Structures are given as C-alpha cells and as structure tokens.
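Below: one structure, written as structure tokens.
The values are calculated or read from the model by the stated rules, or taken from the named source; none is laboratory data. Everything numeric here is computed off the predicted structure, so don't read it as measured data. Virtual Cβ from ideal backbone geometry, glycine too; neighbours counted across all protein chains shown. With ligands, DNA and RNA removed, areas are computed over all heavy atoms of the protein, side chains included. Shrake-Rupley method; radii C 1.70, N 1.55, O 1.52, S 1.80 Å.
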Amino acid sequence: MGEYIKTNIYIWKILELSIYTHYMLQEKVIVGSEEWCSFPILGIPTIKARVDSGAKTSALHAINIAPFIKEGENWVKFDINPIQNNVKTVIHCESKLVDKRIVKSSSGFREQRYVIGSELEIGGKKWAIEITLTNRDSMGFRMLLGREAMSGRVLVDPEQKYLLGEPTSDILKNLYKTSEKAVTGLRIGLLASNKELYSNKRIMEAGEMRGHEMHFLNIKECYMKLDATTPEIHYRGGRILNDFDAIIPRIRPSITFYGCALTRQFEALKVYCLNSAAAITQSRDKLYSLQLLLNHGVDIPTTGFANSPLDTNDLIKMVGGPPLIVKLLEGTQGKGVVLAETKKAAESVINAFKSLNANILVQEFIKEANGKDIRCFVIDGKVVAAIQREAMPGEFRANIHLGGTASIIKVTAEEKRIAIKATKAMDLKVAGVDIIRSAKGPLLLEVNSSPGLEGIEGATNKDIAGEMILAIEKNFKHKL
C-alpha cells in the first residue's frame, strides 16, 4: 500500500511539473538566434535583432545622438538606419533618458552610452526594457537583444533563426516608405583605398544621412589627364570625375605620392578638398613635420635624426640616453617603432637599421606616461573629441591597431591648445593629434592626416564622420 501511494505521488509530481512546464512555455516567447522585433513608441515598425544571452544589456544602433531638456527632464534624441546596409532610410527618435553608463563592447572598447527605456514588441507580446544607444555600423545587426530584456519572458533556441517570421523586402519597403531621404545636397567624393573600412563606411553614411550624393573613389582606379586647357580625372571605365563639389582624401601612407597627386589634380579643377595635397604630404614626412611643429612653438619629446649614423653613441647621448625609442622614418601604425631599454639594446637596434641604410628617428622615452597617450580629433580648428589610448600589457606604446584600448578622457585647455596649434601648423582641416603627458607637460608625438574613426567614435559615442561632413558644408555655407 505504501509503495502504491509513493508511486501515485511521484506520478502527480510529474504531471504537475508537466503542466507547469507547458504553462511556462505558453507564457514565454520562443526565439531563435536572430529575430525581428519592433519598438512602437520609438516609431520603429520592425528591426532585425541579434539574440545574445551572453550580453547583459540590449543595444540599439543610433547616430547623431544629442541630449536635451524636455519639461525639466533629461531626454535624448537620435537617428537610426533600421535596415542594415541602407542609409537612406532614417527614423528620427527621442526618448526620456534613464542613465549614462560605461559599457565595454565586444571589441574591447570602453564607451559611455546613453540608456533609454522603451517598449519591446516581439512574438505578439510587449514589455518594457532598457536599451543602450551606440553606433553599431561595424556590427552585423542594428539591434542586440540582451539577457536582461529576455529574463523570465523569452526562451532561446540558438540553432534556429526567425522562428517568429521574417518580413519580405516588399513589406520592409512599405513599412518604411515615408522614411526615405531625398538627395538634395552636394556631390562629394571619398578618395581612399578600401570601401569596407569602418572609417570610410561611416563617412559615406554620414554624407548620405545629410542628403549629399556620396561616391567612393578608389585611388588606384583613378588616372589623370594633364592639359593646360582641359585637365581631367578619369575613373575605371573612362568616367570623367570633373563634376564634384568636394573631395575627402583618406590616403594610405603606402600610396601617399599618387594619392596626393590625385588630390592636387582635384584642386586644379577647383574642387574643395577637406585636406590639401600639400598638407597631407608634409604631415607624412615625419622629420619635416616635427621641424615644422617646433618652428610653430609646439613642444615634442627630444628627438635625434640620422641616416645610418656613424656615431651611434653620440646619437644616444643626444636624446638623454636609454631607455629611448627608435623609429623608422617610414613606419606607420606602430610598425618600425622599437623601445631600447639599455645602451647595448639601443646600439643593436640602431646598427640593425644601419644595415638597411634607413633614415631613423631616435626619441626620448617618456616613462611616466605609462604606455598611455591622448588622441585629439581636430576638425576645422576645433577639438571635437578626445580619447586616452592605453597599450596592451607588455607593450610600451598605446596603439589600437596593435590591440590597445581606448577610453573617454577630459583633455586640459593646454592639450586642446597644442592639438589646434599643431593642426594649424600642418595646414590641415582634419587631423588626429597624438599627445603624451610628461613630467615637463604635454608633448606632441604625431599629427595624422587620415585618422581612423572606429576607436574614437566607439569610445566617445560621437558622430565624428558627421562633423567632417559639417566642415564641408560650412565651406559651402550649405544648409539642409
């Protein structure tokens, strides 16, 4: 009898668990690893989301983010291109601000993000969630659905996709038919090498967002006709490029000569170039640029220059002895830069470069900087954003290309002054100015005429690409 009762109790518990499980499954939305959802309050009828239970907070793609006060409360307005690879479709949103938080992205950048609250609609159900706003142009999805938004309401089947359905292109077109922006602005060319680079994609999108006709021009596919009466620039297939209002040159160091020749040709055609060929050329000559900066009263670390020096000892002594930095004059993005911690190591590195018959810079090592430097992004005479870059453990120099990290920093008035003065000295409209903090004050390391946008936009959440387009508009006094 006792065994019979125990068996019945066991069966009832199984039935009870089965009923509870069935009830819970009915209450929860079952999703795959990718799903379409919507935010009715924000006016977003549908958007594709990456479902990621590994991410704590949900994130929404946003650009042109701007906080404002509404009826005495903090709000934020922003724009979103809800459809991937479509910058013509724009939704203008605004929402009450919930918070500002430092978030570490999947790429390792620490950035301050605005946090809003909104109602998520998915699988026929609605509930309130918190969302961080960030530029997700480099990501595959405009929306990331994190575990906090899903907790207690969603079950994930990671092997499936679009369990809740997927809109057709015709449905998307109909949903967003009133969100298309007409092209009414300038004809702008981006003169560069790789269309898929984050910086180049952002500039193209920023221009299109503001109503301009944007064209990517591959430097290697351009060629010139030098003629006293009818100078021309041709593109692959014979297309003539003489009808541009403005050009944004973003020239790789390896093709500086040809890229600047093309930029000069555009200038000869009376096309406005955001950075001139002369300014780019002198910024790429590390020795000349340092001499130019010193002539304009900008302080730099003590530096020696030689062409395969015969007197290595005196060159080392000239910059204060080891530890010191040895650089190849033609090096870029941290390549060809070596820290020599002892006199013997310095002699070995310099002698190795001697064998290459290479021009080298020898520079004092600022130990107190502790592997950190500051990148100020200057546009049209103004510091529009600044980040602190920190080297990887074991590295001596901050470099995002070599795995360093970036974070927001408040620069001093003196550091801003140096960045602006250096940019003016180089005659650049757009520049990334690298500054190091030393015991004797801020020192300038380098001025970059084609600075990358990914690190600084990711860390600061600022629309730097948009600021570059605004600088062109200002030149034309163009109003949208």
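Shown is the FRET efficiency for L287 and E341, computed with R0 = 30 Å from the Cβ-Cβ distance and rounded to the nearest 0.05: 0.75. Taking Cα centre as origin and charging only the Cβ of basic (Lys, Arg, +1) and acidic (Asp, Glu, -1) residues, the dipole magnitude of the chain rounds to 480 debye. The distance between label points at K126 and N86 comes to 2.4 nm (points 7 Å beyond Cα on the Cα→Cβ vector). For the residues E196, E121, a 1.4 Å probe over the protein chains yields an accessible-area ranking, largest first, of E196, E121. Computed with a 1.4 Å probe over protein heavy atoms only, the accessible area of D243 comes to about 90 Å². Spin-label model, K220 to N295: label points 7 Å out along the Cα-to-beta-carbon direction sit 3.5 nm apart. Please give the residues of region 117-153, grouped as numeric ranges, whose backbone N is less than 14 Å from a label point set 7 Å along the Cα-to-Cβ vector of E27. Answer for region 117-153: 151-153. If the chain linking K100 and N174 were pulled fully straight, counting 0.36 nm for each residue of separation and taking away their Cα-Cα distance, it would gain 23.1 nm. Between the labelled values [x] 233; [y] 174; [z] 150, the entry that holds volume of the Cα convex hull per residue in Å³ as derived from this structure is [x]. Counting only DSSP H runs of at least 4 residues, each contributing -39500 (n - 2.57), and dividing by the residue count of the chain, the helix-based mean residue ellipticity at 222 nm comes to -8500 deg cm²/dmol.
Heavy-atom accessible surface of R210, to the nearest 10 Å², is about 70 Å², with a 1.4 Å probe and all protein chains retained. Using the Cβ-Cβ distance between I255 and L155 with R0 set to 56 Å, the FRET efficiency from 1/(1 + (r/R0)^6) comes to roughly 0.60.
Annotated for region 58-210: lysine pairs at least 8 residues apart or interchain, Cα distance under 15 Å, count 8.
Sorting T132, T229 by accessible area puts them as T229, T132; the probe is 1.4 Å, largest comes first, and only protein heavy atoms count. Students often forget the sequence filter, so: which aspartates and glutamates lie under 16 Å Cα-Cα from K286 once same-chain residues fewer than 8 apart are removed? Straight-distance partners of K286: D299, E330, E364, D427, D434, E446.
Note on M318: accessible area is roughly 100 Å² with a 1.4 Å probe, heavy atoms of protein only.
Summarise the accessible area of region 159-313 (1.4 Å probe, protein heavy atoms) by the percent that is carbon and sulfur. List each step's numbers first, then the result.
Working: 4030 of 7940 Å².
Carbon-and-sulfur percentage of accessible area, whole number: 51.
How do L310, L356 rank by accessible surface area computed with a 1.4 Å probe, from largest to smallest?
On the way: L310 170, L356 115 Å².
Listed by decreasing accessible area, they come as L310, L356.
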